[in-house]
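Working notes for the structure below.
The values are calculated or read from the model by the stated rules, or taken from the named source; none is laboratory data. A quick note: this is a predicted structure, and the numbers were derived from the prediction, not measured. Cβ placement follows ideal geometry from the backbone for every residue including glycine, while neighbour counts extend to all protein chains displayed. Surface accessibility is based on the protein's heavy atoms, side chains included, excluding ligands, DNA and RNA. Shrake-Rupley method; radii C 1.70, N 1.55, O 1.52, S 1.80 Å.
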Amino acid sequence: MFFTDIHKFVQQLQTCTLKEFKTIVRGFDIQLSDQELKSVHPLLKEISLSWLVFGVPLAIQQKLIQILGEQRAMDLYKEIKEKAPSSFG
């Protein structure tokens, strides 16, 4: 059941509109500016369940650093990890 829920969530992220993404992010109380949301949104299509096992690919990490800056990307990663269920991180 757990993996089914994660799979559905990943599919939702991959296909969500910018407005839906904004709602999802705010629902997790993650602070991203409108510009950051617009810039990160296209990367959602690349999300994969394999990231749970192998981590986020370096290419995606580099894109996020280009969008957010290194410190902001690191802070965001820590924030998401803290808010994720323990089985995610």
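Quick notes on this one:
- Counted charge near residue 66, where neighbours are those whose Cβ lies closer than 13 Å (Asp, Glu -1; Lys, Arg +1): 0
- Normalised size of the range 23-74, defined as Cα radius of gyration per 2.2 N^0.38 Å with N residues, equals 1.16.
- Applying 1/(1 + (r/R0)^6) with r as the Cβ-Cβ distance of residue 49 and residue 23 and R0 = 25 angstrom yields a FRET efficiency of 0.65.
- Neighbourhood net charge (12 Å Cβ-Cβ; Lys/Arg +1, Asp/Glu -1) for residue 76: -1
- Heavy atoms of the protein chains alone define the surface here; on that basis the range 1-65 has 68 Å² accessible area per residue at 1.4 Å probe size.
- Apportionment of accessible area to carbon and sulfur, the chain, percent (1.4 Å): 60 percent
- Evaluated with a Cβ-only charge set (Lys, Arg +1; Asp, Glu -1), the chain carries a dipole of roughly 160 debye about its Cα centre, given to the nearest 20.
- Computed extension length for residue 34-residue 78: 13.8 nm, one decimal, from 0.36 nm per residue of separation with the Cα-Cα distance subtracted.
- Average silhouette area of the range 1-52, convex hull of alpha-carbon atoms, in square nanometres: 3.7 nm²
- Electrostatic bookkeeping for residue 14 treats Lys and Arg as +1 and Asp and Glu as -1; over the other residues with beta carbon under 10 Å from its beta carbon, the sum is 0.
- At least 18 Å along the helix axis (C-alpha) and Kyte average at least -0.5, DSSP helices within the chain: 2-15
- Over the chain, the Kirkwood radius and the radius of gyration, each from Cα atoms, give a ratio Rg/Rh of 0.92.
- Lys pairs under 22 Å by Cα in the chain, provided they are eight or more residues apart or on distinct chains: 25
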